[in-house]
Amino acid sequence: MAGGRDRATPRARARSTQTSTDGAPTSERIIDAALRSFATRGYEATSLDALAAGLDITKQTILYWFPSKEVLLEAVIDRSTVELAAALELALTRASTGWARIDAVVRSVFRLAARRPELLGLVREMGRMGTPASTRFVRALEPLVDRATEFLEAEMDAGHMRRHEPRLLLLAIYSTVIGMVTEVDVLRAFGEEPTARSLVRRRNEILGLLRSALVIDPH
């Protein structure tokens, strides 16, 4: 590198500095819009033309940043898993041990459902899409799954929780919680409107169910 010359290409430098009029990087605005559309309309029903129109940019601008719809999906998954993992990590670090950690994680997911419903909508969509999207999503969260498995095994070995196969238990908890916060049509079929009050009630009911199924009463 003679003279410390900047080796970045003009396109790379443009990518690092280009922003919209509201100050948000164009690439982030595209990811935000794609996340909302994938979560609500579904990946297959989302078109780059519609995303471009909603953002008041051209389709070519999207393709400048993300060469294909598949690449855009990967970017959405990567950023979303980082945000989701950060929220769960924060909940875990604030909790002590035992049941408090499960309680904290479930509450964190329900807070996300109220604050960032598109994130959990994407989780639901990944389950419906199958591989390779779901594989990418799961692999990104694998470190958290490993930690949760070790935690459950330790609690069971200590006699604090009833014995279950840890990964199957995690899958059951995941399916129950995600289903209760994302499957709006199913909830409505059971007469449950997705309001803030009903969200809190569902959270408390799930916590009660999990506690009674897992925690061994020392008395």
The chain pair-distance distribution - Cα-Cα, 10 Å bins, rounded %: 7, 28, 29, 20, 11, 4, 1, 0
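Pairs of Cα atoms under 8 Å, at least six residues apart: use those to get the relative contact order of the chain, whole percent. Working shown, then result.
Working: 152 pairs, mean separation 41.1, N = 219.
Reported relative contact order: 19 percent.
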The chain - charge dipole about Cα centre, Lys and Arg +1 at Cβ, Asp and Glu -1, debye rounded to 20: 400 debye
Cut-off under 5 Å, modelled amide H: who pairs with residue 161 long-range: 156, 216
In nm, spacing of pseudo-spin labels at residue 49 and residue 115 (7 Å Cα→C-beta vector): 3.8 nm
Extended-chain gain in nm, criterion 0.36 nm per residue less alpha-carbon gap, residue 103 and residue 201: 33.8 nm
For the range 161-177, Karplus couplings with θ = phi - 60° (6.51, -1.76, 1.60), whole Hz, Gly/Pro x: 10, 5, 6, 9, 6, x, 6, 5, 5, 4, 4, 5, 5, 4, 4, 5, 5
Three-way shape call for the range 106-203 based on the alpha-carbon gyration tensor, with the a/c threshold at 1.5: oblate
Residue-averaged 222 nm ellipticity for the chain, from DSSP H runs of 4+ at -39500 (n - 2.57), nearest 500: -24000 deg cm²/dmol
Hz values of 3J(HN,Hα) by residue in the range 206-214 - Karplus curve (6.51, -1.76, 1.60), Gly and Pro given as x: 5, 4, x, 5, 5, 5, 5, 7, 10
Rounded to whole Hz, the Karplus (6.51, -1.76, 1.60) HN-Hα couplings of the range 38-52, x for glycine and proline: 4, 6, 9, 8, x, 5, 5, 7, 8, 10, 5, 5, 5, 4, 4
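The numbers here are math on the coordinates, done by the rules we state, and not lab data. Keep in mind that what you see is a predicted model, and the values were worked out from it rather than measured. All Cβ positions, glycine included, derive from the backbone under ideal geometry; neighbour counts span all protein chains shown.
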